[in-house]
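> Starting off with a structure, shown below.
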Amino acid sequence: MSRIVVKIGSNVLTRKDGKPNVTNMSSIVDQVAALRDMGHEIVLVSSGAVACGRGAIRPSVRLDSVAARQLYSSIGQIRLINLYNSLFAEYGIVIGQVLTQKENFASRTSYLNQRACMMTMIENGVVPIVNENDTASLTELMFTDNDELSGLIATMVDADTLIILSNVDGIFTGSPSDPSSRLIERVAPGEDVSGNVVASKSGFGRGGMGTKCGIAGKVSDEGVAVIIARGDRPGVLVDLVEHPESVPHTVFEPSPEPLSTVKRWIAHSASFAKGTVTVNARAAEALRSDRAVSLLPVGVTATTGEWEEGDIVTVLGPEDECIGVGRASLSSAETSALIGCRGSRPVIHYDYLYIE
Ligand code: GLU
């Protein structure tokens with residue numbers, strides 16, 4: 001038995017005219033039902049609301065991008081969920097809709113609340129279908145795209161595997177359309193393949209291979225295997241789980257040293273940081289070592305921003321380069337007062353520190 005999060009992109013779920021791609025959706029639902037029969041637990045992260053809404057209405061006046069996203073997603077989301085509901089009902093599978101926003105991941109309390117909801121659904125045999133609540137999201141406070149959301153969900157529910165279904169077979173050594181490009185089949189833990197990705201974005205969704213690659217690297221570092229594959233290949237999900245060698249894909253192998261759940265949350269929290277703590281070269285080296293090292297005031301050279309105990313802060317090295325993120329055990333005022341001092345409590349305890 002394994003727990004699998006499947007992220008399905010807008011281009012797999014909708015046709016070019018903005019109508020739901022019923023063929024692809026039915027095929028995915030058939031495969032989710034088959035995987036559940038084999039004993040796997042499945043969570044879906046489904047895009048397609050905006051793309052689907054766009055095909056359903058022609059606004060009477062020209063809308064700005066925020067208003068258009070709100071309007072289209074409000075219409076498209078129910079169409080998608082209705083279709084999922086009737087397709088899953090054929091198998092007697094109960095689905096539940098989870099619409100979320102970046103704020104729900106910002107504090108530890110709201111994160112644990114969201115996690116508890118997902119876990120209760122999974123324990124009760126419900127298939128959660130997750131999407132961003134695009135009707136309420138503001139551009140600057142949105143997930144980069146649903147690839148980022150799927151990474152957060154995969155680590156939140158302690159998934160074994162995240163499968164990102166896209167409109168290409170995986171990561172190539174160049175442009176996927178260039179015949180001389182080769183599919184990268186395996187990415188080892190810590191290996192950086194982002195240099196291979198050609199900047200391009202697929203038709204409908206917000207994401208692209210660049211963000212997929214970044215998310216996959218991060219999530220696999222946290223101990224979850226990440227697979228990128230093409231969503232419209234017949235039987236792709238079942239094949240990836242049962243006979244992975246039979247279907248083209250890229251797999252990011254999980255780090256053999258998975259992170260604790262709290263560190264996983266911290267790892268994804270950099271965008272909520274309230275301030276920065278700069279450390280000297282010696283402290284940076286110690287933090288980057290394999291030892292369990294907390295960030296102590298003696299290694300701190302400067303701080304910016306204002307934060308309270310429990311808030312997220314970014315850790316910068318001597319060249320102002322970002323080296324990690326952590327949950328502060330001292331406020332910004334306490335930290336500033338203790339800069340360079342020995343023998344104090346840590347600014348960030350090791351258990352709450354994620355070094356990149
Ligand atoms: N949440 C958006 C939607 O459902 C998709 C975001 C993305 O393309 O990643 O339409």
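> If I go through region 136-165 residue by residue, how many of them are within 15 Å of the ligand (Cβ to nearest atom), touching a strand residue (DSSP E or B) at 6+ places or on another chain (Cβ under 8 Å), of a type in the set (V, I, T) and under 21 Å from E103 (Cα atoms)?
Selection size over region 136-165: 1.
> Please give the number of the condition A106 fails out of (1) touching a strand residue (DSSP E or B) at 6+ places or on another chain (Cβ under 7 Å); (2) more than 16 Å from the ligand (Cβ to nearest atom); (3) within 25 Å of A267 (Cβ to Cβ).
Checking A106 against (1) touching a strand residue (DSSP E or B) at 6+ places or on another chain (Cβ under 7 Å); (2) more than 16 Å from the ligand (Cβ to nearest atom); (3) within 25 Å of A267 (Cβ to Cβ), the one that fails is (1).
> What number of residues within region 317-328 are under 21 Å from F272 (Cβ atoms) and surrounded by fewer than 16 Cβ atoms within 10 Å (Cβ to Cβ)?
3
> Now for a different question. Write out, first by first residue and then by second, each pair whose Cβ atoms fall under 7 Å of each other, whose residues are 6+ apart or on separate chains, and whose first residue, in region 134-156, is part of a helix (DSSP H, G or I) while the second is within 8 Å of the ligand (Cβ to nearest atom) and among the hydrophobic types (A, V, I, L, M, F, W, C).
L149/F143
> Let me ask you something else. I'd like to verify a number: residues in region 80-91 that are more than 11 Å from the ligand (Cβ to nearest atom) and either within 17 Å of D145 (Cβ to Cβ) or charged (D, E, K, R) (or both), how many?
1
> Considering only region 123-133, state which residues are among the aliphatic types (A, V, I, L, M) and either part of a loop (DSSP other than H, G, I, E, B) or more than 12 Å from the ligand (Cβ to nearest atom) (or both).
Once the filter is applied, which keeps residues that are among the aliphatic types (A, V, I, L, M) and either part of a loop (DSSP other than H, G, I, E, B) or more than 12 Å from the ligand (Cβ to nearest atom) (or both), region 123-133 yields V126, V127.
> Then there is this: Of the residues in region 157-196, how many are over 20 Å from the mean Cα position of the chain (by Cα) and without any contact (Cβ under 8 Å) to a residue 40 or more places away in the chain?
13
> Then there is this: Give me the helices (runs of 4 or more DSSP H) completely within region 1-56, filtered to those with at least 1 residues that are away from the ligand (no atom under 12 Å from the Cβ), at pLDDT below 95 and not β-branched (V, I, T), ordered by residue number.
22-37
> Of all residues in region 249-260, which are surrounded by fewer than 15 Cβ atoms within 10 Å (Cβ to Cβ) and either within 15 Å of I355 (Cβ to Cβ) or not charged (D, E, K, R) (or both)?
If the condition is that a residue be surrounded by fewer than 15 Cβ atoms within 10 Å (Cβ to Cβ) and either within 15 Å of I355 (Cβ to Cβ) or not charged (D, E, K, R) (or both), then P256, E257, S260 are the ones that fit.
> Restricting the search to region 152-162, which residues are of a type outside the set (D, E) and over 14 Å from S47 (Cβ atoms)?
At the first step, the residues of region 152-162 found to be of a type outside the set (D, E) are 152-157, 159, 161-162.
Answer for region 152-162, where residues must be of a type outside the set (D, E) and over 14 Å from S47 (Cβ atoms): L152, A154, T155, M156, V157, A159, T161, L162.
> So for region 329-340 (the condition being in a strand (DSSP E or B) and buried (at least 16 other Cβ atoms within 10 Å of the Cβ)), does at least one residue qualify?
Within region 329-340 (the criterion being in a strand (DSSP E or B) and buried (at least 16 other Cβ atoms within 10 Å of the Cβ)), the answer is no, since none of the residues qualifies.
> Follow-up. So, in region 69-103, how many residues would count as being within 21 Å of the chain's Cα centre (by Cα) and farther than 17 Å from P128 by Cα?
4
> A follow-up question, please. Just one of the numbered conditions (1) exposed (fewer than 14 other Cβ atoms within 10 Å of the Cβ); (2) touching a residue at least 40 places away in the same chain (Cβ under 8 Å); (3) under 27 Å from G190 (Cβ atoms); (4) touching a helix residue (DSSP H, G or I) at 6+ places or on another chain (Cβ under 7 Å) is not true of R282; which one?
With (1) exposed (fewer than 14 other Cβ atoms within 10 Å of the Cβ); (2) touching a residue at least 40 places away in the same chain (Cβ under 8 Å); (3) under 27 Å from G190 (Cβ atoms); (4) touching a helix residue (DSSP H, G or I) at 6+ places or on another chain (Cβ under 7 Å) applied to R282, the lone miss is (2).
Rundown of residues vs (1) of a type in the set (S, T, N, Q); (2) under 30 Å from N113 (Cβ atoms), yes/no style:
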site: V236; (1), (2): no, no
site: H243; (1), (2): no, no
site: K263; (1), (2): no, yes
site: S269; (1), (2): yes, yes
site: T276; (1), (2): yes, yes
site: V279; (1), (2): no, no
site: E285; (1), (2): no, no
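> If S180 meets every condition in (1) in a loop (DSSP other than H, G, I, E, B); (2) within 19 Å of L80 (Cα to Cα) apart from one, which number is that one?
The failed condition is (2).
> Which ones in region 57-90 are in a helix (DSSP H, G or I), among the β-branched types (V, I, T) and modelled with pLDDT under 95? Explain how you work it out, then say what you get.
Kept after step one, since they are in a helix (DSSP H, G or I), are these residues of region 57-90: 65-89.
Okay, now just the ones that are also among the β-branched types (V, I, T), so 66, 75, 78, 81.
Scanning region 57-90 gives a single hit, V66.
The values are calculated or read from the model by the stated rules, or taken from the named source; none is laboratory data. Only a predicted model underlies this, so the values are computations on that prediction, with no experimental measurement involved. Here Cβ is always computed from backbone atoms with ideal geometry, including for glycine, and neighbour counts include all displayed protein chains.
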